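Bear in mind that the values in this text are calculations on the coordinates, not laboratory data. Because the structure is a prediction, the values reported are computed rather than measured. Ideal geometry is used to build each Cβ from the backbone, glycine not excepted, and the neighbour counts take in all protein chains shown.
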Amino acid sequence: MGINKRDEGKKVNSNINVTPMVDVMLVLLIIFMVITPMLNNKVNVDLPKADAAVVMEDANKEDAVVVAVTRDGRTFLGGDQVTIDDLGPKISAKLENKTSKEVFMRADTRANYGKVMDAVDGIRSAGVSQLGLLTERTDDSGTTAPAKK
């Protein structure tokens with residue numbers, strides 16, 4: 001009877017293959033790069049420029065109530081398009097549980113003044129105590145900086 005000796009210890013491969021992990025990470029990176037711009041809750045408008053702009057940090061918060069008026073006169077509450085008639089009740093509903101009744105407005109430079117005033121009137125009808133008009137700050141050199149008013 002013979003004893004068969006197995007050399008399994010010599011066959012073990014202790015190298016880690018990281019290629020599948022790198023592939024998965026690159027796919028995740030591409031997914032995040034594509035999805036992140038879609039998660040932006042802001043409507044694209046060209047903000048007017050102001051020299052005496054004051055930075056309003058509350059406008060960048062997650063739960064900030066932001067109304068936008070585009071150049072073609074459409075009104076948005078956050079990322080959702082609303083009519084002027086629905087603007088007041090929807091803002092009231094959003095501010096219902098908040099202590100600060102502050103709303104921020106982003107109006108396009110070329111928006112119709114009447115449409116902007118209709119939006120302001122709708123905001124005021126909701127019982128808003130503070131209305132912040134967001135602008136871009138102009139530096140002394142004449143270039144614009146990403147500050148808000």
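Residues whose amide H falls under 5 Å from that of Gly73, counting only those 5 or more places apart or on a different chain, are Asn112, with hydrogens built in the peptide plane. Which shape class, rounded, prolate or oblate, goes with segment 45-149 when its Cα gyration tensor gives a ≥ b ≥ c as root eigenvalues, a/c under 1.5 marks rounded, and past that a/b bigger than b/c marks prolate? Because a/c hits 1.5 or more and a/b fails to exceed b/c, segment 45-149 counts as oblate. Between the C-alpha center of segment 71-98 and that of segment 15-44 there is a gap of 33 Å.
If r is the Cβ-Cβ distance from Ala93 to Asn44 and R0 is 22 Å, what FRET efficiency results, to the nearest 0.05? About 0.30, to the nearest 0.05.
The shape of segment 11-74 comes out prolate: with a ≥ b ≥ c from the C-alpha gyration tensor, a/c is at least 1.5 and a/b beats b/c. Distant-in-sequence amide contacts of Lys49, defined by a placed amide H-H separation under 5 Å and a gap of 5 or more residues or a different chain, comprise Glu136. Computed packing ranks the peptides 20-30, 104-114, 80-90 as 104-114, 80-90, 20-30, most packed first, by mean other Cβ atoms within 10 Å.
Within straight-line reach of Lys90, meaning a Cα separation under 12 Å, sit the following aspartates and glutamates at least 8 residues removed in sequence or on another chain: Asp80. Restricting segment 42-149 to GluC sites (Glu not before Pro) that sit in a DSSP loop and have at most 14 other Cβ atoms within 10 Å of their own Cβ leaves Glu62, Glu96.
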